[in-house]
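Enquirer: I'd like to ask some things about the structure below.
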Amino acid sequence: MVKKSFKNITRSVLGIIGELGRVIEVGFSRKTLTQKMMLLELGYDPFQINKTVKRLTKQEYIEKKLSEKTEKYFLTQKGIEQISFLRLENLSFDANSKKWDGYWRVVIFDIPETVRGLRDAFREKLREWPFYKLQNSVFVGPYECRQEIKQACKILKLEKYVLVLKSRELGYAETKLRKYFGIN
């Protein structure tokens, strides 16, 4: 077996916990991660897995609870958010396969300060995708995006805070946007 570095093990462990944990309260042990989650098949050895679990506990992504027979680990709210960020990171938008249909997509959101980290992650994803920031909570793009926005909102649990509008005209901003996106 080839030993892998610690570089990506945190992502792997959190990713596997996230796949396990489509439910919020997931209990697992180090032994479960090692044997059942196939981290060994990904090239990590038990020492690396144990060290990562200890680090994730120290960083408060997971918490350890002792029971009569074993120690169990559970995701914390911080861990759930981190897994959401990892899922969001893997979400893509292929603008090359899309053609402008003459409509602008206006993404408007009003996400509370209490979930600022999620709001910032959503805003960052919009910047990464083909959108132009018109205002702090208003982004505009020329391509159909409802599915991608819906997926991002579902991952971050922001569905009730985000609207996607479709418009033929954008008034004063249209000239600037046409130039930005290279649309004649």
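Here, each number is a calculation from the coordinates, and none is a lab measurement. Quick caveat: nothing in here was measured; it's all calculated off a predicted structure. Don't worry about glycine lacking a Cβ; one is built from the backbone with ideal geometry, like all the others, and counts go over all protein chains shown.
Enquirer: Rounded, prolate or oblate: which fits the stretch 94-181, taking a ≥ b ≥ c as square roots of the Cα gyration tensor eigenvalues, rounded meaning a/c under 1.5, else prolate when a/b beats b/c?
Expert: Because a/c hits 1.5 or more and a/b exceeds b/c, the stretch 94-181 counts as prolate.
Enquirer: Within 10 Å, count the other beta carbons around each residue, average over each peptide in 55-65, 70-80, and list them highest first.
Expert: Averaged packing, sorted descending, gives the order 70-80, 55-65.
Enquirer: Where in the stretch 92-116 does the label zone of TYR180 land, with the point 7 angstrom along Cα→C-beta and an amide N cut-off under 11 Å?
Expert: 107
Enquirer: So, with +1 on the Cβ of K and R and -1 on the Cβ of D and E, and no other charges, what is the size of the charge dipole of the stretch 94-181 about its Cα centre, to the nearest 20 debye?
Expert: That gives the stretch 94-181 a dipole magnitude of about 60 debye.
Enquirer: Which length gain, in nm to one decimal place, applies between ASP120 and LEU42 when the Cα-Cα distance is subtracted from 0.36 nm times their residue separation?
Expert: 24.9 nm
Enquirer: A further question follows. Where the centroid of each part is defined by its Cα atoms, how far is the stretch 55-108 from the stretch 123-184 in Å?
Expert: First find each Cα centre; the distance between them is then 21 Å.
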